[in-house]
Structure formats: structure tokens, C-alpha cells
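Report on the structure given below.
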Amino acid sequence: MLTNADFLALDGEAGDFTAKIRQRPRYIDADACTACGLCTQYCPRHHVDPYNEGLSITRPIHIDYAQAVPATYYIDPSSCLHLQHDTCQICVPVCQSHAINFNQKPKDIELNVGAVILSPGFGKIDQSTLAKFSYGSHPDVVTSFEFERMTTASGPFMGEVKCFSDGRHPKRIAFIQCVGSRDLGCDNGYCSSVCCMYAIKEAMVAKEHDPEVDITIYYMDIRTQGKEFDKAQQRAESMGIKFVRAKVGDITPWNNRLQLTYSTLEGSHEFEPFDLVVLSVGLESPRDAQGIADITGIELNRYNFAKSETFQPLATKRDGVIVAGAFQGPKDIPESVTQASAAAGIAAGLLEKQRGQGIVHKDYPEEKTDTDEPRIGVFVCHCGINISSVVDVHRVEDSVANMEGVVYHTDSLYSCSQDAVETLKKTIIEHDLNRVVIAACSPRTHEPLFQETLKDAGLNPCLVEMVNIRDQCSWVHAGEPDAATDKSQDLVRMAIAKARKLKPLPEQTVPVTTRALIVGGGIAGMVVALTMAEQGFESVLLEKGKNLGGNLGLLNHTLSSSETAGYLKKLVARVKKNKKIDVLTNAEIVHSSGFIGNFSSVVATTAGKKKEEHTIDHGVVILATGGHEHRPDGYLLGKNSKVLTQQELEKRLAGKAKNRAPDSVVMIQCAGSRGDDLNYCSKVCCNHAVKNALQIKEINPDSQVIVLYRDMRTYGYAEDAYREARLKGVIFIPYELENKPEVYEKGRRLHVKFFDTLMQEEFDITPDLLALSVGIVPDGTEDLSKLLKAPLTDDKFFLEAHVKLRPVELPVDGVFVCGLAHGPKPVDETIAQAQAAAAKAAIPLVKGSVSVDPIVSSVDEKTCIGCGLCVSLCPFGAIEMIKVGKKRKAHTIAASCKACGICASHCPTFAISMGGFTNEQITAQIEAFGRATEKETAEV
């Protein structure tokens, strides 16, 4: 990893690039620096802290934040007295490790690489745009980035929200949306896609800090179009956060407060006083976007983001140069992480022939022999304010001081930061710890990090016990700090009792079948198969229907005017021609067993009246089963020939009938969605409506097109098409769910009755055509969920392992998801997610083996009576009966075991125990909790 570096030039071609890099001096030896911070304490010069948005002062010699990588200090030459004026150098003798070196010079580096991935992030909205909202002229008008740092525990105010003018706590806070987005005045006609969600998040955080604060979010459209994102708005509303559809015209000082002037859809002009105003600023293209384009030879779009095409969303004009993240266009964290994986997969395909070259294998110290005497270290994490704002962390830490086996205890701001992890490793070695208890957040996301740290320190990774005092204490008992602290103490005490009984567990590895099974032959499944093939791996592509293509075959063109039929024909031809892809149509999975690296599935195929079953061995599964249109009741769909869906309308418009674009068309958005039949937003419906509206106007410019909507969610560059539709005369009228349009027949005429919020009047019109923007529902997910033990959301889409960190992985190891099976999304996002799923699925295939989690069940053959109950109960087929001598005994297939514990809890002779969860360990925890209960009873 090269930090503090500049990209100077790129020569060559895909597979053989030469990249020229200039690494600027840190003036500190990163290997020697211990991050003690002594140099900062002695440095006499102040430096405005850019990481904290200029809200605090640091020193020229500093580290940006606790989790910075590398976790070493550096000197900013713009304000250092020695580098600017050749004086001072007080930091040099202060540094005990002699890490400071002012003789460092810029270093030019040439790298020979096969691919380049551009992910420089995004830039900031210009100050002149913010000045329109009194930013810079009044201290209590802040940007959302500044507010984010303000509410962060590790930020300049330690999470305390206050007015900059006089330090008081604000009683009323306003958020203003679309600042620097959807604004031609600053040439940012696009929607930044993320602002609504981060405003809702920041508002909820502020509300958690102070439940009495009054918060209002002023918006044009709430664009919470992501998976489960609408639920965030619902949670915010349940907390008392208000949402007002309005356009803010001015912010002026009023006494010691700020007065907002805004106009509503009803045409009224309102005035509201607030203590603090937060500007939800959009995402700008990177400041040096043009320079990057000049160096790499790529094209930029009109907004100076990297230009890419719908069917190759991460490809640039130059082969071998790939783009990912916000530089490709404004987007949220899950999509950025997805694109990062996809970009890595594309690059891996380009470098397939060089795979295995230049690999450095990590070496671990020899594992210490376990001793009978436990030496336990306890580490309690503040997790910023996630824990410490509710739980008294110091009280929890102090409570372990005299517990049996505890020889060391401390607390830290972020236990997962690089410096904290290094400190943990050094502490284990220095104090000869052989058991570790970490009270922090969820082991689901962080336990692997701490297990790896134990291995680095020479301990078995199973000798760590995590206590989730964030989710189970501070979050669920946010209004009861004393009770949350008491519960945290109980859980830590129980963890220590269990830690005394922990034993090292051996790691196991199993070989991998280097083939993938892809379920679904739509665009997502085909892209997965081709991406896997480019990386050198075989796959079996299953399609339930008789043809490949899925929903893409139902479209005529995309919103960006990319024609679909030609692309689909070429894609299908590539799949069928590729020797590494075996296509099975009219095929379904009827049975699946096994585990990551070693699955075995039975697939049934039908050819006329002939049915066959095939057994397929494969290492991974990728689910790309797609979805279909929802058919809601209440709109005469299927009962009146003038009522059709947007998909049906697109097919009609692609035809040649003279009346295909009639003189009067009404479109109803969210028909059966967002709290109607379906609880979610399907993300593509608004784009589809705008696309068809523009097509109608192209065919029949005089046609009256009225779109009745709740929120127009034309996010990203689709905002341009929405604006074009308005300019061409398409009429957009909002409605509320409580007063949705009514569709009925009277005589032979179709009627649509709705309330126009602009005119404040009810209308009843008789259109020639009614197009419903209906939602998307998943195909076949419930049956596959049962077969693969993969969880679903309430809406029957597959539930990813982690929405941000693992967006294409399922909780079942070796099973991945993409496309509509994951959630509704447009074509370009589907392709990127398919590439990401292929990249992730290829990891175990590249390694050739997988590690088996040691916390699996084990059978004590002496105690086992061979009843077979465990075999019948195991949902994963991970237990078999074997003959030991003349007796039947149960035996665990370790690689198949998911450590659910069903077998252990039902065994009548207690012959089965779980690694890391033995009866002895669990009993110790219960007894530790019971001792506290007895003490409390005695005190009462």
C-alpha cells in the first residue's frame, strides 16, 4: 500500500502497464514510529485539521484518526516550521524511537502492472453554492460532513452537538436536502443518491444524543431507494423526526437563531426558526478528475465523473483501466463495496495467466503450548460513542480487577483500529496472556480480526471470547444507562468464567471442487458465468425456462438509450460458445448438500416429456434467480384493456401500431408498492416511467402525459432524463399513500381520480391509457432458501451476510447472490453485482482449499449410544452413523457442520459437545451470572 502518493503517468496496454508514482515524504519512518503521540504534544505550531472538516486544531505532526492505515504519524509540510522556515525541529530529540527524518525526499516509483483500478472517491461542493444558504456568513449553518464529525465520538466535540455561535445545545435542527445536487445553478444536474439516507441517519443520531431535540428534514423527493432503506425513514418518523416537502428559499439570522423561508407544494410561504441548519451537500466529482483522465486516457462525462456504459458499468475507454466507487458516479457504501469487488474480479480475469506469481505467504509464530493456569486479559471498547454514550465503560473495566484468572485489563476508544490491534498483540506477549476477553461489538463482524491477532501473538485463535456490549447493551438499552452498565458487567463476568475453560481447537482444511453452480440464466447469471470463465473456472448455468435472457429480453432499451436486444443476443452467444460454461435449460435444483468447496446438487431437467436428474459437484453457489412484475389489485389491471404495466407499455411503444402512443396517458407510480401490497421501493419504476414518457413524447409530441407519484426516485444521472421529461411537457403530480389515485370504470370509459396538491383540487380524468409502475417480486427464493438454508428478508429477497461489508455473500459459506434475487435494481447495477459475486465466489476456488471453523460439534464415542437422533435432526446432513467395532456411533462431518448446536442440545447422553461451547463452558457462564444474582438477592 502506497500512501501519500501521486499518480504521474501510465504507459503500455492492458496486461502490461507501467505506472509512474511519486511518493511524497512523510518525514517519519513508518516502521520505526510507535504512534505514541509525544511529538504532537511538543510541537509548537497549530494546524487546521482537514479530517475534522476544519472544526478542530491539530499539529503539523499528527495522525488523522484512530483507524488510519498505516497507524503512524506524518508531518504536513504546509505548516511545519522547519519545512517552511528551516527552524524548530523540537520533535526530533523528543521522539524516543528516532523515527523523525527531515532528510526524506520524494521517491519516484515505477510499477509494472496488468490492470489499473481508479477509485479516487469524490470531491466537495463549491463554497459559492453553499453561500446561497448563508454558509460562511453564519456559524450555525453547517454542512452534513461537518455535522457528521460533530456527532462522532472521536470527532472534535466527542459526539456533543452544539451551536458554533455560542456553544449552546440546539433545540431545533433543520436539514436542507439537495444542496449542490439537482441544481443546474452549479452545473450539478444529477442526484447524488446518498444525501437523503445520510441525512436520515444523522438526524437519528442527533435524536439519540438528545431525544428532546426537534428535527425537520426539508426535501423535494425522499430518495431512499436502496434495499430496506424505506424502513430507515419509517424509523426516523417513529422517533419524531418530521419530513416536509418544500423548497427552502433563504436562511437569515433572527435574534440568536436562524429563520428558514420556504415554499410548499400548496403554494404557501412559511417561516420557521431553528438553532442549527445542516446542509445535505451532494457528491462532486474529484477535484483532480481531469488530471486523472489525462494520465490514464479515459473519458469523463459532462459532470466530470468517469464515463462508462450501461452494459459495461466499470469499463472505461482504455482497456485494462477499470473504475469503481463514487468516481463512476455518486453512490452509497453497499454499491461502492460491490463495485470494488467487481473491479477486483475484472482485474483478476485480465491477470488470470499470471495468477500465483509474486505471492507472499504470511508466517505466524509457533503456537504456544496451553498451560493449566489461565492468564486472562480483558479489553473493553468504547466504540466511539456507540457503547460509551450509554454504558459506563470504565466501571465495566474496573469490575474485572479482582476476578479469578484476570491478570490484565484496560479500555480503548476503538479496539478494532490498527494501533489498538497492534497494542493488543504486544500486550498478549508482554503479559504472557493465554486467554483474551474483548467486550466490544458483534463477533459476527469483528471476531475474525481478533482471532487473527491472537495467531500473530502465538495463541490459538479460539482462545478469545467476545462480549457484544454494543448490540446487546448500549443499543437495546439506550434509555437505561445504569441497567445497560450492569448488564455489561454481567456479560463480561460470564465471559471471563467461560474463558477460564477455553481450550485450543485445531484448524482443519478441506480441498475445493473448482466449479461453480449458477442458478438463473438472466443477465446476472450469464455475467457471473462469463466472469468466472475469464478467471479460469468452469461453471454450470441453470435456467428454469427454456431460453437464457431473463427480464432483459422484455426490455427494448435502457434509460440511457442503450438497445437491449443486440446486447442480449451477443451475451447469450458468448455464454453458449464458452467451453468453460455448461448451460442447462428447463432445469431446477431438487436437492443440495455439502459445504463450501464441496457441494453436491441434484438438478432435474425436462426435455419434452423426458425428465432426467444430474448430480453436480461444485465448490460454490451463486444465486441469480431474478424476479418478475407484481400484479396489484385495485387498479383494474387485467380487467380493462386500457390498463397495463410499464413493461407492457414499453413493448407496445416498440411496436408499429399507429395509436401506440395515444393522446392522453396517465402513469401511477408505486402501484402496489411502498406500504401498499409490497412494503419496499423497487428502485427501477421511476426510471422506467420516465423512459416510457419520453418515448411517448418522441412518437406523439402532443400527447398529454401525467405522472402521479409519491417520490420521483430518478437517482444518479437519471435525474437528467426526469428534467428532460418535464421540459418536454410531461406533468408530474405528487400524491400521498393515504390519498392515492382511484381507478374505476364508468360506462365504457376508464376514469382516474386524484387530488392535485399543487392546485389543491380533486380531478377526475378519462385517459386513453393507464400505465402502472408496479414493483418487482423475487422468483423462487423460498424454495432455494429451504434447500440451501439461506435466510430471506421479510420481503423474500435473499439476506446478505452484511449489508455494507459483505453485500454479495450470504451467511451460508460458499453461497453468493446477485441481481433481483438480492433486491430490485437497474441493469447496470445488476451487471456490477454479478461481477462482484463472481469475484467473491472465485476466492475459495483460487485458494484450492478452505478452512473449517473449529467450533463444530464433536462426538464422544464412549458416551454415544448410537440412537441416531442427531442424524435425523441435523439440518445440514453433517452427522453420519459409522461402525466402531460392532456398535453404531455418531460421527461429525466437520466441513458440513455449521455449529448450530441442535445435535448437542438434543443428545440424550450429552455425548456431543460444541467447540468453544462445551457444557462445562456454558455451565461456568450460568454459574457466574447466578453468583451475581445471589449477591443482589442477599443485599436486598
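Taking amide H positions as modeled 1.01 Å from N, with prolines and chain starts lacking one, the residues under 5 Å from residue 775 and 5 or more places away or on another chain are 630.
Each Cα pair under 8 Å and six or more residues apart adds its sequence gap; the mean of these over the residue count of the chain is a relative contact order of 11 percent.
Each Lys and Arg Cβ is given +1 and each Asp and Glu Cβ -1; about its Cα centre, region 555-610 then shows a dipole of about 340 debye.
When shorter helices are ignored and each DSSP H run of at least 4 residues is given -39500 (n - 2.57), the per-residue value for the chain at 222 nm works out to -8000 deg cm²/dmol.
Full extension of the chain between residue 238 and residue 64 gives 59.0 nm of extra length, using 0.36 nm per residue less the Cα-Cα distance. The alpha carbon radius of gyration of region 771-831, expressed as a multiple of 2.2 N^0.38 Å, is 1.15. Remark: region 414-428, residue by residue, has Karplus-estimated 3J(HN,Hα) of 9, 5, 8, 5, 4, 5, 5, 5, 4, 5, 4, 4, 5, 5, 4 Hz, where x stands for each Gly or Pro and the curve is 6.51 cos²θ - 1.76 cosθ + 1.60 at θ = phi - 60°. Backbone amide hydrogens, once placed in the peptide plane, bring residue 732 within less than 5 Å of 707, excluding anything fewer than 5 places away on its chain. For the peptides 147-155, 407-415, 759-767, 525-533, residues were scored by their other Cβ atoms within 10 Å and the scores averaged per peptide; the highest-first order is 525-533, 147-155, 407-415, 759-767. In straight-distance terms, cross-link reach from residue 124 covers every one of the aspartates and glutamates whose alpha-carbon lies under 14 Å from its own, apart from those fewer than eight places away in the same chain; here that gives 53, 146, 187, 284, 288.
Accessible surface for region 706-835, divided over its residues, is 41 Å² per residue with a 1.4 Å probe.
The distance between label points at residue 373 and residue 658 comes to 10.0 nm (points 7 Å beyond Cα on the Cα→Cβ vector). What percentage of the solvent-accessible surface of the chain, computed with a 1.4 Å probe over protein heavy atoms, is contributed by carbon and sulfur atoms? Exposed carbon and sulfur together represent 50 percent of the surface.
A probe of 1.4 angstrom, applied to the heavy atoms of all protein chains, finds residue 362 with accessible area near 110 square angstrom.
Computed with a 1.4 Å probe over protein heavy atoms only, the accessible area of residue 802 comes to about 40 Å². The orientation-averaged shadow of the Cα convex hull for region 228-370, equal to a quarter of the hull surface, comes to 18.9 nm². Placing +1 on the Cβ of every Lys and Arg and -1 on the Cβ of every Asp and Glu, with no other charges, gives region 616-676 a dipole of roughly 440 debye about its Cα centre.
Just list whichever of 570/639; 651/796; 227/746; 307/796; 247/697 have alpha carbons separated by over 30 Å in the model shown. Over 30 Å Cα-Cα: 570/639; 227/746; 307/796.
Loop-located GluC sites (Glu not before Pro) in region 260-298 (DSSP state not H, G, I, E or B) with no more than 15 neighbouring Cβ atoms inside 10 Å: 266. Region 85-135 and region 635-652 have Cα centres lying 57 Å from one another. For the charge dipole of region 682-787, defined by +1 on Lys and Arg C-beta atoms and -1 on Asp and Glu C-beta atoms about the Cα centroid, which residue among 732, 703, 780 has the Cα displaced farthest towards the positive pole? Farthest towards the positive end: 703.
Net charge dipole, the chain: roughly 3120 debye, given to the nearest 20, about the Cα centre with Cβ charges of +1 for Lys and Arg and -1 for Asp and Glu. Here the relative contact order of region 1-106, from alpha carbon pairs under 8 Å that lie six or more residues apart, stands at 29 percent.
Take region 48-96 with all the other protein chains still there, run a 1.4 Å probe, and you get 50 Å² of accessible area per residue. Across region 838-855, computed HN-Hα scalar couplings (Karplus, 6.51 cos²θ - 1.76 cosθ + 1.60, θ = phi - 60°) run 5, 4, 5, 5, 6, 4, x, 5, 5, 5, x, 7, 10, 7, 9, 4, x, 7 Hz from first to last residue, x flagging Gly and Pro.
With a threshold of 30 Å on the Cα-Cα distance, the over-threshold entries among 242/740; 577/847; 611/642; 362/577 are 611/642; 362/577. Extension gain, residue 14 to residue 863: 0.36 nm times the residue separation minus the Cα-Cα distance gives 299.4 nm. Ordering 111, 18, 635 by the projection of their Cα atoms onto the charge dipole of the chain, which places +1 on the Cβ of Lys and Arg and -1 on the Cβ of Asp and Glu, puts 635 at the extreme positive end. Note on region 316-392: Cα Rg divided by 2.2 N^0.38 Å, N the number of residues, gives 1.94. In this label model, residue 3 and residue 24 are separated by 1.4 nm, measuring between points 7 Å along each Cα→Cβ vector. Based on protein heavy atoms only, region 219-339 ends up with 41 Å² per residue of surface accessible to a 1.4 Å probe.
With θ taken as phi - 60° and the Karplus curve 6.51 cos²θ - 1.76 cosθ + 1.60 applied, the whole-hertz 3J(HN,Hα) list for region 678-684 is 9, 9, 10, 8, 8, 6, 9 Hz, x standing for glycine and proline.
With contacts taken as Cα pairs under 8 Å at a separation of at least 6 residues, region 782-850 carries a relative contact order of 22 percent. Out of 602, 9, 476, whose Cα points farthest toward the positive end of the dipole of the chain (charges: +1 Lys, Arg; -1 Asp, Glu; placed on Cβ)? Highest projection toward the positive end goes to 602. The heavy atoms of residue 87 offer some 70 square angstrom of accessible surface to a 1.4 angstrom probe. Remark: the residue 394-residue 247 segment gains 48.2 nm on full extension, using 0.36 nm per residue and subtracting the alpha carbon distance. Diagonalising the gyration tensor over the Cα atoms of region 812-940 and scaling each eigenvalue by 5 before taking the square root yields semi-axes of 38, 27, 13 Å, largest first.
The values are calculated or read from the model by the stated rules, or taken from the named source; none is laboratory data. Keep in mind that what you see is a predicted model, and the values were worked out from it rather than measured. Because the Cβ atoms are built from the backbone with ideal geometry, glycine has one as well, and the counts that use them run over all protein chains shown. To get the accessible areas, we keep the full protein, side chains included, count just its heavy atoms, and leave off ligands, DNA and RNA. Shrake-Rupley method; radii C 1.70, N 1.55, O 1.52, S 1.80 Å.
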